[in-house]
Every structure is written in C-alpha cells, then in structure tokens.
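S.K.: Just dropping this structure here.
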Amino acid sequence: MTSDTQSRDLTDGFHLVIDALKHNDIDTIFGLVGIPITDLARLAQAEGMRFIGFRHEQHAGNAAAIAGYMTKKPGICLTVSAPGFLNGLTALANATTNCFPMILISGSSEREIVDLQQGDYEEMDQLNAAKPFAKAAYRVLHAEDIGIAVARAIRAAVSGRPGGVYLDLPAKLLAQTLDVEQAKKSLVRVVDAAPRQIPATDSVKRALDVLRGAKRPLILLGKGAAYSQADADLRAFVEKTGIPYLPMSMAKGLLPDNHPQSASAARSFVLAEADVVVLIGARLNWLLSHGKGKTWGAPTPKQFIQIDIAPTEIDSNVAIAAPVIGDIGSCVSALLAGIDASFAKPGAEWMGAIAERKDKNLAKMAATLALNPSPMNFHSALRAIRDVLKTRPDINLVNEGANTLDYARSIIDMYEPRKRFDSGTWGIMGIGMGYAIGAAVTSGKPVVAIEGDSAFGFCGMELETICRYELPVCTVVFNNNGVYRGTDVNPTGGKDPSPTAFVKGARYDKMIEAFGGIGHNATTPEELTTALLEAIASGKPTLINAVIDETAGTESGRLTNLNPQSAAKKK
Ligand code: ADP
Ligand code: TPW
C-alpha cells in the first residue's frame, strides 16, 4: 500500500449496503448468514440495525414481506447464494403475488465463474432465476452503485402495485473499497417512494354515476385497501354511502367486524344479489370466483366499479363498468367528495333482506359454536380463542391451514386494521411462523398464530427463533393428526400411513419446551382459554397443542370444488 492510500479514509461494499439502507430509514433485516454475507449481518447489528436471524430463509422472507405490508416500507430479507437465495425466492414470489413490498438481498458467487459455468461454490445465475418471480431484479457490480441500486429497489418495491424486488450482491462487490467522501456522495435518499396517484376526474364521475344508479350496492374491501392505510376515508366512504360491505380476509378489521354495515354473515347472499359492486383493492381472482358464475348469481347483470393502482388489473376476468385508477387514498377521497346530501343510501328492501340473512346465519352459527363436543372440534376451540381475542383487539392474528383457516376466518372477528395475516392469494402453507415473527418485531405487540398441524409443520423450526428473540408469540396448533383430517388409512392395508396422515397424538407443545418456551396441551375449550390467557399475559413464547377431533375437518376445507378427484377411485 502506498502512503497515499494508507492516509485516505476508505469504506467498502459491506458498509455501503448498510449505510444505504439506514439512509432510507430501514432499521431491520430478516435473514440467515453464511458466505458471503455473514459480515454484512454482523455489521448491520454493529451499526444499530436489528438483525433477526432465522433457521430457514423462506421464513425470513415471509417476515420481511409481512413487515412490508404492515408499514408500506419494503421489508428486507438477506440470504446467502444459490440454495439460500432459492429458499428466499419462495417468499419473494409470495410477496409479489400478494402485492407486499419486500427486497430480497442475496450474496452471489463470482460472476466470471458463474457466467462461464466453471463451477463456483454455490454457483447460480440468481438474477435471471429471480426475474419471473419478482417485480424487479437488479445486480450491483460496483460499490459506487450500491446507493442508487438500493434506492431503485426501494422505489420498485413500494411504488404503484407493491411487490418483491431482488437485489444481487456478488461477493467481490462487498469487499470493494471506496473513498469515504465519494461513498457518502453515492448514497441516495428516495424522495416520495410511492407517489400519490390521483384518479382522473372523469373516472370518478363515471363511478359515482354507476353507484347512484344502484339498487343493491355492495362494497368489497381487499387487502390492497388495508395496505393503503386510508383507514379514515374508507370508513367514511362506507358510512356516508350507507352501503353494506364485505371484507376479504386480510381486510377484516379495516372496519370492526361487528360494524352494522358488515355483510360478512350474509356473504353468499350479497355476492349473488348485488347489482353494483365497488371493488376497493381486491382482485377478481379465484378468491372471488373470478367475478362470475354461481357465486355471483349469474345471470343477474352486475356492474363493477373497481379501484386499483394497477390499470392492467381492470377487465382481468369480467368487464369493469367504471375503473378508477389511482392509489386508494386518493381515489376514495375523490369519491367521498362526490357523496353529498343528495346521495340516496340503499333502500330498506336491500338492507332488510341482508339483515334477515345475517340474523338467520348468525343464529345458526351461535348454536354450532355453543356445542361442547369431546374431543374439541374446530368450532368449540375457535369459540374459546374468539372470546379471549375479543378483549384484546390490538393483538396480531396469523392464520393458516385448510379447515383451521376457513373456520377461524369466519369465527374470529377483527376490530383493527392490518392485524390479520393469512395464507393470502396463493393459499400457501408455511407463512405462519415467518409472519408471526415479522408481525411481532414490527408492531412490538403480541401475536396469536392459529395453525393447522400440517401448516405448522412447514415452519415449526422457527419456534427456536421466537424463543431466541423472546417474542410474544403464542402459537396454537390445531392438531387433528393430519392434512385436513386424521382419519385416512392406507387402502392396501400396508404399513405406510396414508398420504394425509401424521403421527397420532403428537405433542407439538413439547417442541417449544426444547428451546425454553412454554408448552400447553389443551383438550377442552376451558384449558385452551386458560393457556391462551396465560400466554398473552406473560408475553412469553408459548405453544398450545389444541387437540381437535380427527374426524372434524373436510378435505381441502372450503376448496372442495378446486380439488380434482379421481373418477376411477371407487371401483
Ligand atoms: P384480496 O386478496 O384481499 O382480495 P388482492 O391482493 O387480490 O386482495 O388485491 C389487492 C389489490 O390492491 C391489487 O390489485 C393491488 O394492485 C391493489 N393495491 C395495492 N395497494 C394499493 C394502493 N395503495 N392503492 C390502490 N390499489 C392498491
Ligand atoms: C406450500 C396444500 C393446502 S391446505 C394444507 C396443505 C398441505 C394443509 C391442511 O392441513 P392443516 O389444516 O394445516 O392441518 P386443517 O385445519 O385442514 O387440519 N404446500 C404448500 N401450500 C399448500 N397450500 C399446500 C401444500 C395444502
């Protein structure tokens, strides 16, 4: 080294990545260390960021994604090359599918060797592998470009329709040195990362005209509405128009589920009977039967008003009479401005018919919930959890499984926005522990994760992460001995269990005890209530093994219609 370089103050790629994130107020990284990013994780911690280390990258990625959904800032996931990257990629793809902003940052091997396919340690062309699953993917080759690359990744993740962004950092880049002054100048602070997108006035007028012509209007709130954080305007829009509304699962709590205008308990009725439907941040995908068919009361003519930030979402499945393109906050406030005293609220006939269905369905559900079968079934266990959670509306709820998801969604009311996190657009299993950790770290509030036993199996090792960081997460495993239910047998009479069966009577509560957490085995609603109350009061990592009747579930939960069955099955 010459005396000149010795006297110059140098920084390097490692520092620049951390500086660039901090420069944009990003304070947490979810990840898993190894070559070449171990020092990056160490440095993040040393520089005052929070580094949450996971046992598998998929769950670190899921934590980052849910943090992004909760905050409108991209969650960051850091992984090693090839296999670590691929493990994280599932989460990146899931984030993109769900419109959650996150950035997957992965170390990668030497470009020269990767591109000539000469067989480097963990060799892989990660950038190209990421592209189909990400909203955007970038690689940085020069330390002086780190600042602009991080800025670009942040903007790509949160602007327009949010999604997952991949940032590829080759090992050599991290060690590259740069003059401190030059490095400082290379940092970029993103200005207005997700600019408001104001809807065109004629589109707002068109939507209001369609709405004024409605006899049986319905508002459908999706997780895009929850994400937008336009809570007050959304509530004002629902209440000023007097229109009944349905929340999609993650939009539950945007208005409290016990709101008089909630039509959740009359869902099938309103979907079939409504004549004008206002979609706010909800896609007409499989979760809404693509906007057509029996669910929608075909051939009843329906008109859709759709508010979305992505113009290409419009007319995806059915014709949209009035698209309103922009960010939900701006669109809803523009619509609100057009709702004056002359706006006629929906008539007594429509509201009365909904109230009648609601009362009937709620009474039926109350009767089912009041039963106390032994062993517990989904309903009696969920009644116990519902009654506890009613007293703590601030608690985050994570939920996955098939029956466990379907029943919990309808039985457990939410009272605050962005508190329910579930299998989402893909109906994916395994998000539970990652979302729970992400939600606990991001909100500082307790989390209750209601997990099917199969769903829990995809992510169960993260119990150690929960215990290590002493997170206030209570996991309730609905243990019915299998995928969907526990009763299937091998038709050949052979020794192998059926494809859907698990070990009978497993004690998931013992797993958390291995890491110093608290385990409970609950066989009655009373035991479940006591254990849950204790977990919430203590804030200690807890797992409750809730023993559920193995005959109680149905195959695929409520998705039986999507589950092809062999016609030749029964001979
Ligand atoms: P759900 O599953 O709850 O029905 P989806 O994930 O299908 O909801 O739909 C969310 C929609 O919200 C997406 O089409 C997305 O483009 C849109 N979206 C997300 N954020 C915003 C926003 N800030 N403003 C407007 N639309 C948004
Ligand atoms: C990544 C397929 C859908 S639901 C489910 C599986 C395996 C588990 C259902 O059993 P569980 O719940 O969790 O015990 P319950 O209440 O019915 O008893 N792999 C992935 N995602 C999905 N969706 C599957 C497989 C599936």
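S.K.: Report the semi-axes of the equivalent ellipsoid for segment 1-132 in whole Å, largest first, where each axis is √(5λ) for an eigenvalue λ of the Cα gyration tensor.
M.R.: 26, 21, 12
S.K.: Given just the C-alpha atoms of segment 149-284, how large is their convex hull per residue in cubic angstrom?
M.R.: Residue-normalised Cα hull volume stands at 157 Å³.
S.K.: Please compare each pair in K22/K72; K135/K540; K302/K345; K72/K215 to a cut-off of 27 Å on the Cα-Cα distance and tell me which ones are over it.
M.R.: K135/K540; K72/K215
S.K.: Mind grabbing the base-10 log of I(q)/I(0) for segment 353-494 at q = 0.09, 0.11, 0.18, 0.20 Å⁻¹? Debye formula, identical points on the C-alpha positions, no solvent, two decimal places.
M.R.: The Cα Debye sum returns log10 ratios of -0.31, -0.46, -1.07, -1.24.
S.K.: Order these peptides, 326-334, 391-399, 179-187, by their mean beta-carbon neighbour count within 10 angstrom, highest first.
M.R.: My ranking of the peptides, most packed first, is 326-334, 391-399, 179-187.
S.K.: Between F515 and L116, what length comes free when the chain is fully extended (0.36 nm per residue of separation minus the Cα-Cα distance, one decimal in nm)?
M.R.: 139.2 nm
S.K.: Can I ask one more? Per residue, how big is the convex hull around the C-alpha atoms of the chain? Give it to me in cubic angstrom, could you?
M.R.: Roughly 181 Å³ of hull volume per residue.
S.K.: Quantify, in whole percent, the carbon and sulfur part of the accessible surface of the chain (1.4 Å probe; protein heavy atoms only).
M.R.: Of all accessible area on the chain, carbon and sulfur atoms account for 54 percent.
S.K.: Still on this structure, I have one more. Starting from the Cα of K360, draw a straight line to each of the aspartates and glutamates and keep only those under 19 Å, dropping any in the same chain fewer than 8 residues away.
M.R.: Counting by Cα, and skipping residues close in sequence, K360 has these aspartates and glutamates nearby: D257, E273, E349, D413.
S.K.: Under the classification rounded if a/c is under 1.5, otherwise prolate if a/b is larger than b/c and oblate if not, where does segment 375-418 fall, given a ≥ b ≥ c as square roots of the Cα gyration tensor eigenvalues?
M.R.: oblate
S.K.: For segment 177-253 and segment 286-347, what is the centre-to-centre distance using only Cα atoms, to the nearest Å?
M.R.: Measuring centre to centre over Cα atoms gives 14 Å.
S.K.: For segment 39-102, take the alpha-carbon Rg, divide it by the Kirkwood Rh, and send me Rg/Rh.
M.R.: With Rh from the inverse mean 1/r over Cα pairs, Rg/Rh is 0.98.
S.K.: With the cut-off at 1.5 for a/c, could you classify segment 220-324 from its C-alpha gyration tensor as rounded, prolate or oblate?
M.R.: oblate
S.K.: A follow-up question, please. Report the gain in length on full extension from K22 to D359: 0.36 nm times residue separation, minus Cα-Cα distance, nm rounded to one decimal.
M.R.: 116.1 nm
S.K.: Per 5 Å bin, what percent of the C-alpha pairs of segment 441-490 does each bin hold, from zero upward?
M.R.: 5, 19, 23, 20, 15, 8, 6, 3, 1, 0
S.K.: How are the Cα pair distances of segment 332-403 distributed, in percent, across 10 Å bins from 0?
M.R.: Percent of Cα pairs in each bin: 14, 25, 27, 24, 9, 2.
S.K.: Here is a further query. Could you sort 100-112, 414-426, 42-54 so that the peptide with the highest average Cβ count within 10 Å comes first and the rest follow in order?
M.R.: Put in order of decreasing packing, that is 100-112, 414-426, 42-54.
S.K.: Number of Lys pairs in segment 363-500 with C-alpha atoms less than 22 angstrom apart, excluding same-chain neighbours closer than eight positions?
M.R.: For segment 363-500, qualifying lysine pairs total 4.
S.K.: For segment 268-422, what size does the Cα cloud have along each of its three principal axes, sorted from largest down, in whole Å?
M.R.: So the three principal-axis extents are 52, 34, 33 Å.
S.K.: What is the list of residues in segment 541-565 whose amide nitrogen lies under 13 Å from a point 7 angstrom out from the Cα of T487, following Cα to Cβ?
M.R.: 549-555
S.K.: May I pose another question? Using only the alpha carbon atoms of segment 195-274, find the Kirkwood hydrodynamic radius as the inverse mean reciprocal pair distance, in angstroms to one decimal.
M.R.: Radius from the Kirkwood sum: 13.6 Å.
S.K.: Another one. Which percent, nearest 5, of DSSP beta bridges in the chain are antiparallel?
M.R.: 5
S.K.: Still on this structure, I have one more. For segment 412-460, taking Cα atoms only, what is the radius of gyration to one decimal and the Dmax to the nearest whole Å?
M.R.: According to the Cα coordinates of segment 412-460, Rg and Dmax are 11.0, 29 Å.
S.K.: Please compute the modelled spin-label separation between T177 and A366, points set 7 Å along Cα→Cβ, answer in nm with one decimal.
M.R.: 7.6
S.K.: Cβ under 13 Å from A310's Cβ, A310 left aside: what net charge do those residues give with Lys, Arg +1 and Asp, Glu -1?
M.R.: That sum, taken over residues with Cβ under 13 Å, equals -1.
S.K.: Using the heavy atoms of the protein chains and a 1.4 angstrom probe, tell me the accessible area per residue for the chain in square angstrom.
M.R.: Ligands and nucleic acids excluded, the result is 42 Å² per residue.
S.K.: With the radius of gyration and the Kirkwood radius both derived from the Cα set of segment 467-571, what is their ratio Rg to Rh?
M.R.: On the Cα set of segment 467-571, Rg over Rh gives 1.10.
S.K.: If you add up the charges near K294, with Lys and Arg at +1 and Asp and Glu at -1, over every other residue whose beta carbon is less than 15 angstrom from its beta carbon, what do you get?
M.R.: Overall, the nearby charge balance is +3.
The values are calculated or read from the model by the stated rules, or taken from the named source; none is laboratory data. Just so we're clear, the structure is a prediction, and the values are computed from it rather than from any experiment. Don't worry about glycine lacking a Cβ; one is built from the backbone with ideal geometry, like all the others, and counts go over all protein chains shown. The area values use the complete protein model at the heavy-atom level, side chains included, leaving out ligands, DNA and RNA. Shrake-Rupley method; radii C 1.70, N 1.55, O 1.52, S 1.80 Å.
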